[in-house]
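Q: Have a look at this one.
The values are calculated or read from the model by the stated rules, or taken from the named source; none is laboratory data. Because the structure is a prediction, the values reported are computed rather than measured. As a convention, Cβ positions derive from the backbone with ideal geometry for all residues, glycine included, and neighbour counts pool all protein chains shown.
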Amino acid sequence: MSSQSILINGRTAPFETGESILDAAKKIGIEIPTLCFLKRAMPTGVCGICAVEVEGASDLVTACNTPASQGMVIRTESPKVVARRRSLIKKLLSSGNHNCAVCGTGSGEWERFQALVQGRDNAQELCPVWGDCELQNLAFLYQVQGENTPEPAQEFPKVEINPFIVRDYARCIGCGRCAQACNSVQVNDAINYVPGEAKAGEFPLANEDCVFCGECIQACPVGALVEKNARYTVRPWETKKVRTTCSYCGVGCQLWLHIKDNRVVKVTGVEEVGPNWGSLCVKGRFGFHFVGHEQRLTKPLIKENGKFREASWDEALDLVAKKLGEIRDAHGSDAFGLLTSARVTNEENYIAQKFARAVIKTNNVDHCARL
Amino acid sequence: MTNPIGDVEKAKAILITGSNTTENHPVLSCYAKRAARFADAKIIVADPRKIPMVRHSVLWMRQKLGTDVAWINGMIHVIIRDKLYDEKYVKTRTVGFDDLAKTVGKYTPEFVEGITGIPAEDIEEAARIFAKAKSASILYTMGITQHICGTDNVKSLANLAMITGNVGREGGGVNPLRGQNNVQGACDMGGLPNVYTGYQPVANADNKKKFEEAWGVTGLNEKPGMTATRMLPAAHEGKLKALYIIGENPMVSDPDIDHAKACLEHLDFLVVQDIFLTETAQLAHVVLPSACFAEKDGTFSNTERKIQRVRKAVNPPGQAKDDWWILVELARRMGYTMNYAHSRAIFEEIARVTPSYCGVSYDRLEHDGLHWPCPGPDHPGTPCLHKEQFTCGLGVLHAVEWIPPAEQPDDQYPYYLTTGRHIYHYHTGTMTMKSDGLNKAAPECYLEITPADAKGLGVADGEMVEVKSRRGAITVKARVCDATEDGTVFLPFHYAKAAANKLTNTALDPIAAIPELKVCAVSISKTA
């Protein structure tokens with residue numbers, strides 16, 4: 001039990017040495033907004049959104065990288081804090097194509113801006129992550145609108161040369177979470193970005209070290225990094241999310257399958273539990289198209305004269321039962337072998353070996369563990 | 001794995017061998033990379049290829065193919081010679097140390113250099129790093145096991161871990177990384193020829209009685225069955241008449257595919273149950289369509305023995321059915337009735353008959369998985385095995401000698417070939433090759449060949465070559481790079497069109513019956 005504590009908004013928050021103000025607040029359920037903060041990486045404080053007021057300090061401090069120290073008295077939503085956050089948010093909104101919360105400075109300005117952004121994206125909608133954006137959430141929370149209407153310019157390139165990820169610098173807020181995800185979490189070192197120093201366009205993706213794990217997409221708080229095949233096609237409110245376990249290698253990453261119209265349209269990592277804590281690889285994140293693929297088998301097939309024909313379940317199963325029974329009776333149980341699968345569930349493997357052992361009476365059961 | 005995945009990040013030394021971890025277990029590899037980057041862990045890579053993990057290592061030992069027992073014995077030699085082993089652990093928790101010490105006596109670093117090509121001083125260095133680390137983890141995969149001496153390779157690694165006291169220690173362990181989502185579970189569930197669920201031997205009268213009672217049958221077979229690698233030759237010999245294959249594609253994954261095909265064609269009756277009409281399914285008499293992971297409920301057990309839920313997210317296409325439903329229906333037609341309303345009911349039966357799973361239930365798995373053994377409903381599971389003592393009491397140190405691979409280069413087949421996966425495709429490609437992005441990233445097969453070998457053959461990067469072994473031949477694009485050493489080439493085995501396994505050797509490890517997929521001899525020539 002910790003003997004150290006600080007006071008946040010009048011409530012006592014215990015902490016351990018080394019924990020930040022943000023950690024201590026989280027423990028007692030006080031939410032401090034963040035943008036650049038990424039779990040599992042060293043906090044940088046570069047965005048400044050988590051600014052809080054510490055009694056006796058000359059300026060606001062960033063909660064994510066300021067260690068809690070005994071007796072601190074902190075206010076997380078004081079007028080000074082709110083004013084700072086509003087000004088930071090406004091600056092971010094005005095820095096690119098954040099057209100969800102922009103008001104024009106004069107007549108026609110707003111419309112012109114929207115037309116430019118939509119034309120550039122070749123889209124009818126405002127933003128590829130509309131409704132799933134942390135900057136947008138903050139803009140609504142603090143009632144901020146961007147003021148100027150920047151023209152989508154050469155200095156904000158859109159990079160879509162790789163097969164999986166679109167990086168739109170016009171929507172980048174320079175928080176550096178993508179770089180942290182890449183360099184501190186996945187340790188792929190594919191994004192060369194120093195928070196606060198690099199300009200948009202200077203930390204490209206898809207260099208030779210990028211293996212398209214998509215950790216950067218999952219880390220991006222805005223619409224600057226988006227799955228290529230979900231961009232402008234998948235809206236969060238149109239999908240339902242189902243949690244499951246990845247079906248590729250043996251690590252067993254926990255996945256969210258995003259489902260729209262009975263199809264998997266996107267995959268993200270579950271951040272709350274291991275073994276992956278939100279991380280995925282290129283196959284787990286982008287290799288889901290086999291699920292509803294047109295080449296899937298949909299009916300039992302029986303081969304006749306060297307060619308397959310479709311059959312009903314009754315016909316196919318009756319035939320298999322008859323043939324297996326005949327072979328067992330004529331040649332004995334051990335003339336039958338069953339290869340169960342490292343790809344199917346425990347329950348199915350159990351039934352498969354039970355079938356071989358209890359029904360056919362053979363132990364000729366194996367699977368692809370050796371191959 | 002003896003230890004949980006999270007432990008890899010707690011290790012102070014990590015020996016990675018026969019595992020291209022960043023490509024084949026990318027998310028797990030991050031634990032090792034973070035340990036090296038942020039916690040000063042020292043990674044030692046022992047691999048014939050310059051795999052991406054080498055970049056994160058302090059030491060890379062490039063062994064010649066099939067020489068693993070030699071370099072591991074070499075490390076053990078140094079550790080014993082310099083008294084760097086954990087004497088107390090060896091005394092109280094293991095048996096067989098004297099025999100081991102005697103056997104490794106001749107494996108001096110110089111002797112080992114002669115066999116493996118690893119410089120003697122690197123063996124010394126690796127031994128010191130490993131033995132002196134507060135906790136040292138070993139990660140390995142098929143590069144260790146797919147040899148005629150695969151069992152010996154694993155025993156050697158276990159020796160190394162045990163004499164340094166690293167089994168049962170946080171951040172240590174002997175950690176095979178399972179290559180398939182539920183290969184652990186398939187083994188746990190008795191998908192093996194010699195055991196029922198939870199590794200209860202079939203050749204045991206009590207177990208026979210137990211399962212006869214549980215399943216309401218008589219006459220369960222006490223004779224262990226055949227492994228997959230022995231079923232195929234048995235089919236060729238006419239002993240095996242019918243084969244039922246679920247979700248496996250031996251026509252791409254098995255060694256010596258042409259022979260595998262001949263074996264399958266010899267069967268009186270072949271049933272394949274799969275999600276696609278795979279190369280193997282095309283040979284079947286009956287093909288049964290099954291549901292894929294996103295279309296069903298159930299559980300998988302991952303490489304760290306963690307049982308996790310699988311949940312239905314979409315409906316299966318057409319009339320495709322859960323694999324268990326198909327088998328239950330078939331059993332009914334053969335006179336045996338099983339009644340399960342849902343996969344949950346099957347899991348409850350598994351828990352009843354399997355001591356290591358008996359404390360696990362769907363309710364407990366709702367938020368997070370559980371590591372087996374989990375022997376009771378209140379038991380928290382067992383992330384780390386062998387903590388206080390080994391399951392079997394004392395840990396047995398096995399003195400093992402190095403033997404050369406079954407096939408070595410000669411005048412006719414002068415190159416060594418090794419095979420593996422790369423990051424963009426999975427196994428036989430049945431699933432991943434349905435994603436355009438992955439196909440774009442890795443469209444076709446390639447042969448990794450060194451600049452010197454390519455020059456000797458007059459082959460330029462991107463040119464087509466024929467690769468031939470005693471068993472078959474394929475045509476493939478040359479990728480000239482320094483991944484392997486001169487005289488050794490590499491092929492990914494994903495691609496049915498240029499199937500590496502047309503070339504590979506069927507020679508088996510005598511104990512595990514695993515084929516020597518990682519070493520064979522080939523010739524290479526430029527195609528006209």
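Q: Pull up region B:30-85, narrow it to residues that are aromatic (Phe, Trp, Tyr) and not in a helix (DSSP H, G or I), then point me to the one that is nearest to B:Pro119 (Cα to Cα).
A: Narrowing region B:30-85 to residues aromatic (Phe, Trp, Tyr): B:31, B:38, B:60, B:71, B:85.
Remaining after also requiring not in a helix (DSSP H, G or I): B:60, B:85.
Numbers: B:Trp60: 11, B:Tyr85: 22 Å.
The selected residue is B:Trp60.
Q: Would you mind finding the one in A:Ala352, A:Ala356 that is more than 7 Å from chain B (Cβ to nearest Cβ) and crowded, with 24+ Cβ neighbours inside 10 Å?
A: Step by step, each of A:Ala352, A:Ala356 is checked, and only A:Ala356 is more than 7 Å from chain B (Cβ to nearest Cβ) and crowded, with 24+ Cβ neighbours inside 10 Å.
Q: While we're on this one: Being farther than 28 Å from A:His293 by Cα, at the interface with chain A (Cβ under 7 Å from one of its Cβ atoms) and free of Cβ contacts under 8 Å to residues at least 12 places away in the same chain is the filter here, so list the residues in region B:296-337 that pass it.
A: Those that are farther than 28 Å from A:His293 by Cα, at the interface with chain A (Cβ under 7 Å from one of its Cβ atoms) and free of Cβ contacts under 8 Å to residues at least 12 places away in the same chain: B:Ala331, B:Arg333, B:Met334.
Q: Just give me the residues in region A:108-130 being surrounded by fewer than 16 Cβ atoms within 10 Å (Cβ to Cβ) and over 17 Å from A:Gly146 (Cα atoms), in sequence order.
A: A:Gly119, A:Arg120, A:Asn122, A:Ala123, A:Gln124, A:Glu125
Q: Within region B:198-217, is even one residue more than 9 Å from chain A (Cβ to nearest Cβ), assigned to a helix (DSSP H, G or I) and within 29 Å of A:Lys323 (Cβ to Cβ)?
A: Yes, there is a match, as at least one residue in region B:198-217 is more than 9 Å from chain A (Cβ to nearest Cβ), assigned to a helix (DSSP H, G or I) and within 29 Å of A:Lys323 (Cβ to Cβ).
Q: Go through (1) part of a helix (DSSP H, G or I); (2) closer than 18 Å to A:Tyr232 by Cβ; (3) modelled with pLDDT of 90 or more and name the single condition A:Cys178 misses.
A: (2)
Q: Count, please, the residues in region B:270-294 that happen to be surrounded by fewer than 23 Cβ atoms within 10 Å (Cβ to Cβ), in contact (Cβ under 8 Å) with a residue 60 or more places away in the chain and facing chain A (nearest Cβ under 7 Å).
A: Total satisfying the criteria: 1.
Q: While we're on this one: Considering each residue of region B:233-260, count those that are assigned to a strand (DSSP E or B) and in contact (Cβ under 8 Å) with a residue 40 or more places away in the chain, and give that number.
A: Going through region B:233-260 one residue at a time, the tally reaches 1.
Q: Then there is this: For residues that are crowded, with 21+ Cβ neighbours inside 10 Å and among the aromatic types (Phe, Trp, Tyr), scanning just region B:308-347, find the one that is nearest to B:Pro383 (Cα to Cα).
A: Applying the filter and picking the extreme gives B:Phe347.
Q: Checking A:Arg85 against (1) touching a strand residue (DSSP E or B) at 6+ places or on another chain (Cβ under 9 Å); (2) of a type outside the set (Ser, Thr, Tyr); (3) in a loop (DSSP other than H, G, I, E, B), which single condition isn't satisfied?
A: That leaves (3) as the condition not met.
Q: So B:Arg230 clears everything in (1) within 24 Å of B:Thr428 (Cα to Cα); (2) assigned to a helix (DSSP H, G or I); (3) touching a Pro at 6+ places or on another chain (Cβ under 7 Å) except one condition, right? Which one?
A: Every listed condition holds for B:Arg230 apart from (3).
Q: Next question. Looking at B:Ala498, B:Ala507, B:Ala483, B:Ala521, which is the one that is touching a strand residue (DSSP E or B) at 6+ places or on another chain (Cβ under 9 Å), closer than 11 Å to B:Tyr415 by Cβ, surrounded by fewer than 23 Cβ atoms within 10 Å (Cβ to Cβ) and not hydroxyl-bearing (Ser, Thr, Tyr)?
A: Result: B:Ala521 is the single residue among B:Ala498, B:Ala507, B:Ala483, B:Ala521 that is touching a strand residue (DSSP E or B) at 6+ places or on another chain (Cβ under 9 Å), closer than 11 Å to B:Tyr415 by Cβ, surrounded by fewer than 23 Cβ atoms within 10 Å (Cβ to Cβ) and not hydroxyl-bearing (Ser, Thr, Tyr).
Q: Also: Looking at region A:232-241, which of the residues that are in contact (Cβ under 8 Å) with a residue 60 or more places away in the chain and in a helix (DSSP H, G or I) is nearest to the other protein chains (Cβ to nearest Cβ)? Please lay out each step first, then the result.
A: So in region A:232-241, the residues in contact (Cβ under 8 Å) with a residue 60 or more places away in the chain come out as A:232, A:235-237.
Checking the rest, the ones that are also in a helix (DSSP H, G or I) come to A:236-237.
Numbers: A:Pro236: 16, A:Trp237: 17 Å.
Only one residue tops the list, namely A:Pro236.
Q: Does at least one position in region B:419-436 carry a residue that is under 15 Å from B:Cys520 (Cα atoms) and not assigned by TED's automatic domain parsing to the domain that holds B:Asp258? Walk me through it before giving the result.
A: So the first thing to find is which residues in region B:419-436 are under 15 Å from B:Cys520 (Cα atoms), and the list is B:419-420.
Subsequent filtering for residues that are not assigned by TED's automatic domain parsing to the domain that holds B:Asp258 retains B:419-420.
Yes.
Q: Report, by residue number, each residue of region B:470-504 that is more than 15 Å from B:Ser525 (Cβ to Cβ), out of contact with any His (no Cβ under 9 Å at 6 or more places or on another chain) and hydroxyl-bearing (Ser, Thr, Tyr).
A: B:Thr484, B:Thr488, B:Thr504
Q: Okay, moving on. Filter region B:295-307 down to residues that are surrounded by fewer than 24 Cβ atoms within 10 Å (Cβ to Cβ) and either assigned to a loop (DSSP other than H, G, I, E, B) or within 25 Å of the chain's Cα centre (by Cα) (or both), then give me how many there are.
A: 1
Q: Taking region B:140-161 on its own, how many of its residues are out of contact with any Gly (no Cβ under 9 Å at 6 or more places or on another chain), in contact (Cβ under 8 Å) with a residue 40 or more places away in the chain and of a type in the set (A, V, I, L, M, F, W, C)?
A: Matching residues across region B:140-161 total 2.
Q: Please verify whether B:Thr280 is in contact with a strand residue (DSSP E or B) (Cβ under 8 Å, 6 or more places away or on another chain), within 30 Å of A:His289 (Cα to Cα) and in the same structural domain as B:Val328 (by TED's automatic domain parsing), treating the condition exactly as stated.
A: When the stated conditions are applied, B:Thr280 passes them.
Q: Right, something else. Among the residues in region B:182-192, are any closer than 30 Å to B:Ile76 by Cα and within 14 Å of chain A (Cβ to nearest Cβ)?
A: yes
Q: Ok, one more. On the given criteria, is B:Glu407 among the charged types (D, E, K, R), surrounded by 19 or more Cβ atoms within 10 Å (Cβ to Cβ) and not assigned by TED's automatic domain parsing to the domain that holds B:Val522?
A: Working: among the charged types (D, E, K, R): yes; surrounded by 19 or more Cβ atoms within 10 Å (Cβ to Cβ): yes; not assigned by TED's automatic domain parsing to the domain that holds B:Val522: yes.
In short, yes.
Q: Can you tell me which residues in region A:242-271 are free of Cβ contacts under 8 Å to residues at least 24 places away in the same chain and part of a strand (DSSP E or B)?
A: Passing the criteria: A:Val242, A:Thr244, A:Thr245, A:Gln254, A:Trp256, A:Ile259, A:Val267.
Q: A further question on this structure: Kindly list the number of the only condition in (1) surrounded by fewer than 22 Cβ atoms within 10 Å (Cβ to Cβ); (2) more than 8 Å from chain B (Cβ to nearest Cβ); (3) at pLDDT 90 or above that fails for A:Pro221.
A: Exception for A:Pro221: condition (1).
Q: Collect the residues in region A:29-42 that are within 13 Å of A:Cys178 (Cα to Cα) and of a type outside the set (A, V, I, L, M), keeping them in residue-number order.
A: A:Cys36, A:Phe37, A:Lys39, A:Arg40, listed by residue number.
Q: In region B:379-399, is there at least one residue being over 30 Å from B:Ala513 (Cα atoms) and over 28 Å from the mean Cα position of the chain (by Cα)?
A: yes
Q: What do you reckon, is B:Ser361 within 17 Å of B:Asn182 (Cα to Cα) and either of a type in the set (Gly, Ala, Ser) or free of Cβ contacts under 8 Å to residues at least 60 places away in the same chain (or both)? Can you show your working first?
A: Details: within 17 Å of B:Asn182 (Cα to Cα): no; either of a type in the set (Gly, Ala, Ser) or free of Cβ contacts under 8 Å to residues at least 60 places away in the same chain (or both): yes.
Answer is no for this residue.
Q: Can I ask one more? Residues of region B:318-363 being part of a loop (DSSP other than H, G, I, E, B) and either among the hydrophobic types (A, V, I, L, M, F, W, C) or closer than 25 Å to A:Gln254 by Cβ (or both), which ones?
A: B:Ala320, B:Asp322, B:Met334, B:Met338, B:Ala341, B:His342, B:Thr354, B:Cys358, B:Gly359, B:Val360, B:Ser361
Q: Now a separate question. Tell me, which residue of region B:218-253 that is more than 8 Å from chain A (Cβ to nearest Cβ) and among the acidic types (Asp, Glu) is surrounded by the fewest Cβ atoms within 10 Å (Cβ to Cβ)?
A: B:Glu237
Q: What strands (runs of 3 or more DSSP E) lie completely within region B:437-528 and have 3 or more residues being in contact (Cβ under 8 Å) with a residue 12 or more places away in the chain and in contact with a helix residue (DSSP H, G or I) (Cβ under 8 Å, 6 or more places away or on another chain)?
A: So the answer is B:473-480, B:488-492, B:520-526.
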